[in-house]
Amino acid sequence: MKRILFFFIMMVMISTAAQAQFEEPVIKKVSNEDRADFQRQFADIKWTGQGFRFNELDRMPAIEIRAVLQSAYGDPTQTVEDIIEKDGYLRDGKSIQFEYWFIIDGYIPMMVLDLEGPFDNGLVYVGASRYVDLMPAVKRTLTKELREASPKEYVDYFYSPERGQWFKVSYESGEYKKEEIKKPSHINIK
């Protein structure tokens with residue numbers, strides 16, 4: 001009887017573990033207001049880009065990925081404007097257009113960012129190094145969610161240190177644009 005009970009318990013455990021492997025991760029975006037909490041919670045995380053396998057999303061222009069991210073997840077967690085507002089200045093290494101921060105399954109941090117503004121394909125993905133083995137599934141789920149999303153209008157700003165130039169980047173009225181502009185008046189750099 002003990003053997004049968006032990007066998008039954010083992011089978012339940014194995015089937016539960018196997019089923020968990022095929023569940024899609026739950027991706028929750030961190031809001032702009034929750035950035036400080038995210039940074040405190042994950043201050044000791046060692047970040048890595050490993051595990052995010054190349055797929056069709058990496059061939060898509062960043063300006064177009066931004067539009068489907070807007071549709072699927074709303075406004076970015078952080079933009080270049082937020083960094084300047086917080087720090088008072090813009091370092092070349094922080095010259096991003098946008099960042100989306102996520103918490104996967106309630107405990108795994110991940111960030112998706114655009115380091116090259118509207119001039120490149122794909123984005124940069126980073127996650128906690130101790131969960132690198134889970135990142136292929138996370139990227140597959142993110143890619144699926146973005147493929148199912150229709151582009152949504154947005155307006156961002158980007159400063160290119162290489163060009164010494166500000167850009168207005170947008171998707172409006174069905175058209176993707178990257179326009180050279182003067183520094184936006186609402187962005188105050190010390």
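Ligands, DNA and RNA left out, the 1.4 Å accessible surface of the chain is 52% carbon and sulfur atoms.
Are there trypsin sites (Lys or Arg not before Pro) in the stretch 45-127 that DSSP marks as loop and that have at most 14 other Cβ atoms within 10 Å, and which are they?
Answer in residue order: Lys46, Arg53, Arg91.
Using 0.36 nm per residue and subtracting the Cα-Cα separation, the extra length available between Ser185 and Asp34 on full extension is 51.7 nm. Karplus-derived 3J(HN,Hα) values for the stretch 97-103, using 6.51 cos²θ - 1.76 cosθ + 1.60 with θ = phi - 60°, are 9, 7, 9, 10, 10, 9, 10 Hz; glycine and proline are entered as x. Summary value for the chain: 25 percent relative contact order, contacts being C-alpha pairs under 8 angstrom separated by 6+ residues.
The stretch 125-171: which trypsin sites (Lys or Arg not before Pro) are DSSP loop and have at most 16 other beta-carbon atoms within 10 angstrom?
Hits after loop and neighbour filter: Lys152, Arg163.
Summarising the amide proton neighbourhood of Phe42: residues at separation of 5 or more, or on other chains, whose placed amide H is nearer than 5 Å comprise an empty set.
In the context of the full set of protein chains, the chain has a per residue accessible area of 60 Å² (1.4 Å probe). Annotation note: chymotrypsin sites (Phe, Trp or Tyr not before Pro) in the stretch 83-190 located in DSSP loop regions with a Cβ neighbour count of at most 13 within 10 Å are Tyr89, Tyr107. Computing log10 I(q)/I(0) by the Debye sum over Cα atoms at q = 0.08, 0.19 Å⁻¹ directly from the structure and comparing it against (1) -0.28, -1.56; (2) -0.32, -1.38; (3) -0.28, -1.21 singles out (2). Report summary: the helix-based calculation at 222 nm, which adds -39500 (n - 2.57) for every DSSP H run with n ≥ 4 and divides by the residues of the chain, gives -10000 deg cm²/dmol. Counting only alpha carbon atoms, the long axis of helix 2-21 and the longest principal axis of the chain meet at about 20°. The angle between the Cα long axis of helix 135-148 and the longest principal axis of the Cα atoms of the chain comes to about 60 degrees, rounded to the nearest 10.
For Leu115, list long-range residues whose amide hydrogen, built 1.01 Å from N in the peptide plane, is under 5 Å from its own amide hydrogen. Long-range HN contacts for Leu115: Val124.
Given +1 at the Cβ of Lys and Arg, -1 at the Cβ of Asp and Glu and no other charges, the dipole of the chain around its Cα centre is 640 debye to the nearest 20. Free of any GluC sites (Glu not before Pro) that DSSP assigns to a loop and that have at most 11 other C-beta atoms within 10 Å, the longest stretch within the chain is 24-161.
The values are calculated or read from the model by the stated rules, or taken from the named source; none is laboratory data. Please read all numbers here as calculations on a predicted model, not as lab measurements. With ideal geometry, Cβ positions are generated from the backbone for all residues, glycine too; neighbour counts draw on all protein chains shown. The protein model used for the area step is the full one, side chains on, heavy atoms only, and it has no ligands, DNA or RNA in it. Shrake-Rupley method; radii C 1.70, N 1.55, O 1.52, S 1.80 Å.
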